[in-house]
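The values are calculated or read from the model by the stated rules, or taken from the named source; none is laboratory data. Keep in mind it's a predicted model, so treat the numbers as computed, not measured. Cβ atoms come from the backbone with ideal geometry, glycine included; neighbour counts cover every protein chain shown. Surface accessibility is based on the protein's heavy atoms, side chains included, excluding ligands, DNA and RNA. Shrake-Rupley method; radii C 1.70, N 1.55, O 1.52, S 1.80 Å.
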Amino acid sequence: MRYAFLVLAAAPLFALACGRVLEDDEDDAAPTGADAGEGGAPAIEASGPTPDAADAPHESSEDDAGYAVPFSMTFEQTLVGPDGANQPTTATFAERPIIDGGSAKVDTAASPTLITRTFPEQARLFVSFYVRFDGPLSGSLTFARLGGSAGDTLIELKASATNPSRLILSAQVPGETIPLGEVAADKPWRFGLQAIRTGASNQLVVGVAILATDFGDPYTTQVTTSLPSKIELGSFYPLPSTSVAVVFDDVLGRTDDFAPPTL
(Lines give C-alpha, C1' and ligand atoms only; values in the text may rest on other atoms or scores of the structure.)
Protein backbone atom coordinates (compact mmCIF):
# COMPACT_ATOMS: atom_id res chain seq x y z
CA MET A 1 0.00 0.00 0.00
CA ARG A 2 2.82 2.39 0.89
CA TYR A 3 4.43 1.99 -2.57
CA ALA A 4 1.09 2.32 -4.34
CA PHE A 5 0.47 5.60 -2.52
CA LEU A 6 3.88 6.95 -3.60
CA VAL A 7 3.20 6.05 -7.24
CA LEU A 8 -0.18 7.80 -7.19
CA ALA A 9 1.30 10.89 -5.56
CA ALA A 10 4.14 11.13 -8.10
CA ALA A 11 1.97 10.62 -11.19
CA PRO A 12 0.85 14.28 -11.61
CA LEU A 13 4.43 15.52 -11.25
CA PHE A 14 5.63 13.05 -13.87
CA ALA A 15 2.88 14.09 -16.31
CA LEU A 16 3.70 17.78 -15.81
CA ALA A 17 7.37 17.16 -16.52
CA CYS A 18 6.53 15.24 -19.71
CA GLY A 19 4.27 18.05 -20.86
CA ARG A 20 7.07 20.62 -20.49
CA VAL A 21 9.44 18.42 -22.46
CA LEU A 22 6.89 18.14 -25.28
CA GLU A 23 6.36 21.93 -25.30
CA ASP A 24 10.12 22.51 -25.50
CA ASP A 25 10.36 20.10 -28.43
CA GLU A 26 7.54 21.87 -30.25
CA ASP A 27 9.18 25.27 -29.70
CA ASP A 28 12.46 23.97 -31.12
CA ALA A 29 10.68 22.64 -34.22
CA ALA A 30 8.68 25.81 -34.93
CA PRO A 31 9.92 27.96 -37.88
CA THR A 32 11.56 31.25 -37.01
CA GLY A 33 10.45 34.63 -38.36
CA ALA A 34 13.17 34.45 -41.01
CA ASP A 35 11.92 31.06 -42.23
CA ALA A 36 8.17 31.59 -42.25
CA GLY A 37 5.70 34.30 -43.03
CA GLU A 38 2.49 35.06 -41.24
CA GLY A 39 0.50 31.93 -40.44
CA GLY A 40 3.53 29.69 -40.91
CA ALA A 41 3.68 30.10 -44.72
CA PRO A 42 7.13 30.61 -46.28
CA ALA A 43 8.11 34.27 -46.30
CA ILE A 44 8.40 36.00 -49.69
CA GLU A 45 11.39 38.29 -50.05
CA ALA A 46 11.02 41.33 -52.27
CA SER A 47 13.70 41.89 -54.88
CA GLY A 48 16.11 44.80 -54.74
CA PRO A 49 17.99 46.39 -51.85
CA THR A 50 16.73 45.28 -48.44
CA PRO A 51 16.25 47.96 -45.76
CA ASP A 52 17.51 47.53 -42.23
CA ALA A 53 15.14 46.25 -39.56
CA ALA A 54 14.70 49.82 -38.31
CA ASP A 55 13.45 50.78 -41.76
CA ALA A 56 10.81 48.05 -42.02
CA PRO A 57 7.45 49.15 -43.50
CA HIS A 58 5.37 51.06 -40.99
CA GLU A 59 2.31 49.13 -39.82
CA SER A 60 -0.93 50.98 -39.25
CA SER A 61 -2.46 51.47 -35.84
CA GLU A 62 -5.47 53.28 -34.42
CA ASP A 63 -3.29 56.33 -33.84
CA ASP A 64 -2.11 56.69 -37.44
CA ALA A 65 -4.86 54.88 -39.39
CA GLY A 66 -4.88 56.18 -42.96
CA TYR A 67 -1.28 57.40 -42.85
CA ALA A 68 0.61 54.12 -43.10
CA VAL A 69 1.81 52.17 -46.14
CA PRO A 70 0.27 50.42 -48.03
CA PHE A 71 -2.32 53.07 -48.88
CA SER A 72 -4.80 53.82 -51.65
CA MET A 73 -6.59 56.90 -52.94
CA THR A 74 -9.39 55.59 -55.15
CA PHE A 75 -11.79 58.50 -54.46
CA GLU A 76 -14.75 56.13 -54.46
CA GLN A 77 -16.68 57.98 -51.74
CA THR A 78 -14.72 61.04 -50.66
CA LEU A 79 -11.69 63.06 -51.70
CA VAL A 80 -10.40 63.25 -48.12
CA GLY A 81 -10.77 60.22 -45.89
CA PRO A 82 -10.17 56.45 -45.89
CA ASP A 83 -10.05 56.18 -49.72
CA GLY A 84 -8.66 59.64 -50.40
CA ALA A 85 -6.15 62.21 -49.23
CA ASN A 86 -5.29 62.67 -45.56
CA GLN A 87 -4.72 66.42 -45.93
CA PRO A 88 -7.33 69.11 -46.82
CA THR A 89 -7.76 69.76 -50.55
CA THR A 90 -9.73 72.08 -52.83
CA ALA A 91 -9.89 69.43 -55.57
CA THR A 92 -13.32 68.35 -56.79
CA PHE A 93 -14.85 65.18 -58.21
CA ALA A 94 -14.32 64.81 -61.97
CA GLU A 95 -17.43 64.82 -64.12
CA ARG A 96 -15.82 62.08 -66.22
CA PRO A 97 -13.97 59.63 -63.94
CA ILE A 98 -10.97 57.70 -65.20
CA ILE A 99 -12.23 54.59 -63.40
CA ASP A 100 -15.87 54.05 -62.42
CA GLY A 101 -16.72 55.28 -58.95
CA GLY A 102 -14.87 58.58 -58.69
CA SER A 103 -11.79 60.55 -59.70
CA ALA A 104 -10.23 63.72 -58.28
CA LYS A 105 -9.98 66.81 -60.51
CA VAL A 106 -7.67 69.81 -60.20
CA ASP A 107 -8.31 73.07 -62.06
CA THR A 108 -4.85 74.47 -62.71
CA ALA A 109 -5.91 78.09 -63.27
CA ALA A 110 -7.73 78.60 -59.96
CA SER A 111 -4.87 78.30 -57.45
CA PRO A 112 -2.28 75.74 -56.42
CA THR A 113 -4.41 72.73 -55.50
CA LEU A 114 -2.78 69.64 -54.04
CA ILE A 115 -4.07 66.17 -53.26
CA THR A 116 -1.69 65.06 -50.52
CA ARG A 117 -1.05 61.75 -48.81
CA THR A 118 1.51 61.77 -46.02
CA PHE A 119 2.94 58.68 -44.32
CA PRO A 120 5.85 57.67 -42.09
CA GLU A 121 9.15 57.75 -43.99
CA GLN A 122 9.78 54.59 -45.98
CA ALA A 123 13.04 52.88 -46.94
CA ARG A 124 11.26 51.14 -49.82
CA LEU A 125 8.28 52.69 -51.64
CA PHE A 126 6.39 52.15 -54.90
CA VAL A 127 3.63 54.62 -55.85
CA SER A 128 1.51 54.34 -58.98
CA PHE A 129 -1.42 56.42 -60.25
CA TYR A 130 -3.46 57.36 -63.32
CA VAL A 131 -3.63 60.89 -64.72
CA ARG A 132 -5.53 62.50 -67.60
CA PHE A 133 -5.28 66.06 -68.95
CA ASP A 134 -8.68 67.44 -69.97
CA GLY A 135 -8.25 70.48 -72.17
CA PRO A 136 -5.33 72.14 -73.99
CA LEU A 137 -2.27 72.95 -71.93
CA SER A 138 -0.33 76.13 -72.58
CA GLY A 139 3.17 76.30 -71.14
CA SER A 140 4.30 73.73 -68.61
CA LEU A 141 2.85 72.18 -65.46
CA THR A 142 4.25 70.21 -62.52
CA PHE A 143 1.51 67.72 -61.69
CA ALA A 144 3.09 65.28 -59.22
CA ARG A 145 5.77 65.36 -56.55
CA LEU A 146 7.25 62.70 -54.26
CA GLY A 147 8.57 64.49 -51.19
CA GLY A 148 11.09 63.59 -48.52
CA SER A 149 10.85 63.66 -44.75
CA ALA A 150 13.21 66.67 -44.59
CA GLY A 151 10.97 68.74 -46.90
CA ASP A 152 13.06 68.05 -50.01
CA THR A 153 11.88 66.70 -53.36
CA LEU A 154 12.77 63.22 -54.63
CA ILE A 155 10.93 63.26 -57.98
CA GLU A 156 8.74 65.77 -59.83
CA LEU A 157 6.63 64.98 -62.90
CA LYS A 158 6.14 67.73 -65.50
CA ALA A 159 4.05 68.17 -68.66
CA SER A 160 4.41 70.74 -71.45
CA ALA A 161 2.38 71.14 -74.62
CA THR A 162 3.59 70.89 -78.22
CA ASN A 163 0.05 71.31 -79.57
CA PRO A 164 -3.46 70.95 -78.07
CA SER A 165 -3.47 67.17 -78.51
CA ARG A 166 0.11 66.24 -77.54
CA LEU A 167 2.08 66.51 -74.31
CA ILE A 168 5.80 66.20 -73.58
CA LEU A 169 6.39 64.48 -70.25
CA SER A 170 9.51 64.57 -68.10
CA ALA A 171 10.69 63.81 -64.58
CA GLN A 172 12.99 65.97 -62.49
CA VAL A 173 15.21 64.39 -59.84
CA PRO A 174 17.94 66.22 -57.91
CA GLY A 175 20.50 67.25 -60.52
CA GLU A 176 18.94 65.43 -63.48
CA THR A 177 16.03 65.69 -65.95
CA ILE A 178 14.57 62.43 -67.28
CA PRO A 179 12.68 62.66 -70.61
CA LEU A 180 9.61 60.42 -70.65
CA GLY A 181 8.47 61.04 -74.22
CA GLU A 182 5.44 62.51 -75.94
CA VAL A 183 1.91 61.25 -75.31
CA ALA A 184 -1.62 61.98 -76.44
CA ALA A 185 -3.64 64.33 -74.26
CA ASP A 186 -7.16 63.48 -73.07
CA LYS A 187 -6.12 59.89 -72.48
CA PRO A 188 -5.33 58.28 -69.09
CA TRP A 189 -1.70 57.38 -68.49
CA ARG A 190 -0.29 55.39 -65.59
CA PHE A 191 2.83 56.57 -63.77
CA GLY A 192 5.04 54.75 -61.32
CA LEU A 193 7.47 56.32 -58.85
CA GLN A 194 9.88 54.32 -56.73
CA ALA A 195 12.43 55.11 -54.02
CA ILE A 196 14.61 52.40 -52.47
CA ARG A 197 17.21 52.95 -49.79
CA THR A 198 20.60 51.52 -50.76
CA GLY A 199 22.60 51.96 -47.58
CA ALA A 200 22.92 55.16 -45.61
CA SER A 201 19.65 56.99 -44.96
CA ASN A 202 20.42 59.69 -47.53
CA GLN A 203 21.26 57.35 -50.44
CA LEU A 204 18.29 56.29 -52.57
CA VAL A 205 17.69 54.72 -55.94
CA VAL A 206 14.71 56.60 -57.42
CA GLY A 207 12.89 55.62 -60.57
CA VAL A 208 10.00 56.62 -62.80
CA ALA A 209 7.98 54.65 -65.35
CA ILE A 210 5.03 55.45 -67.58
CA LEU A 211 2.75 53.23 -69.64
CA ALA A 212 -0.89 53.12 -70.60
CA THR A 213 -1.30 49.82 -68.74
CA ASP A 214 1.50 47.93 -66.96
CA PHE A 215 5.09 49.00 -66.32
CA GLY A 216 8.32 47.82 -67.83
CA ASP A 217 11.64 48.51 -66.11
CA PRO A 218 11.60 52.07 -64.74
CA TYR A 219 14.33 54.55 -65.48
CA THR A 220 16.38 54.71 -62.29
CA THR A 221 19.15 56.87 -60.91
CA GLN A 222 20.81 57.35 -57.52
CA VAL A 223 20.27 60.50 -55.49
CA THR A 224 21.09 61.85 -52.06
CA THR A 225 17.92 62.89 -50.27
CA SER A 226 15.77 62.10 -47.25
CA LEU A 227 13.41 59.14 -47.16
CA PRO A 228 10.02 59.55 -48.90
CA SER A 229 7.10 60.52 -46.69
CA LYS A 230 4.62 62.35 -48.95
CA ILE A 231 3.00 62.13 -52.39
CA GLU A 232 1.44 65.33 -53.79
CA LEU A 233 -0.70 65.45 -56.93
CA GLY A 234 -2.21 68.52 -58.54
CA SER A 235 -1.10 71.97 -59.60
CA PHE A 236 2.09 73.61 -58.34
CA TYR A 237 3.61 77.05 -58.86
CA PRO A 238 4.23 78.42 -61.43
CA LEU A 239 0.69 77.93 -62.76
CA PRO A 240 0.19 77.41 -66.51
CA SER A 241 -1.06 80.41 -68.47
CA THR A 242 -4.32 78.67 -69.42
CA SER A 243 -6.66 76.50 -67.40
CA VAL A 244 -6.56 72.75 -67.79
CA ALA A 245 -8.30 70.13 -65.70
CA VAL A 246 -6.00 67.37 -64.46
CA VAL A 247 -7.77 64.21 -63.30
CA PHE A 248 -6.22 61.62 -60.96
CA ASP A 249 -7.32 58.15 -59.92
CA ASP A 250 -6.17 54.94 -58.22
CA VAL A 251 -3.17 56.33 -56.34
CA LEU A 252 -1.61 53.24 -54.77
CA GLY A 253 1.39 53.06 -52.44
CA ARG A 254 3.19 49.82 -51.56
CA THR A 255 6.49 48.62 -50.14
CA ASP A 256 7.00 45.42 -52.17
CA ASP A 257 6.31 46.27 -55.81
CA PHE A 258 4.05 48.32 -58.07
CA ALA A 259 0.38 47.46 -57.74
CA PRO A 260 -1.22 45.68 -60.72
CA PRO A 261 -2.92 47.96 -63.26
CA THR A 262 -6.63 48.72 -62.89
CA LEU A 263 -7.37 49.67 -66.50
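Every Cα-Cα pair of the stretch 171-210 was included, and the share exceeding 15 Å stands at 53 percent. Computed over the alpha-carbon pairs of the stretch 132-225, the distance histogram in 5 Å steps reads 3, 13, 24, 23, 17, 11, 6, 3, 1 percent, short to long.
Potential lengthening of the chain between S165 and A212 amounts to 15.3 nm, from the contour at 0.36 nm per residue minus the alpha-carbon distance.
Maximal additional length on extending the D257-D152 stretch stands at 35.4 nm, based on 0.36 nm per residue less the C-alpha distance.
Students sometimes get this wrong: rank S72, S128, S140 by accessible area, probe 1.4 Å, all chains present, largest first. The partial results should precede the final answer.
On the way: S72 40, S128 0, S140 70 Å².
The residues order as S140, S72, S128, largest area first.
Using a 7 Å offset from Cα along Cα-Cβ at S72, what residues in the stretch 124-163 end up with backbone N under 19 Å from the label point? Label zone hits: 125-131. Computed with a 1.4 Å probe over protein heavy atoms only, the accessible area of R197 comes to about 40 Å².
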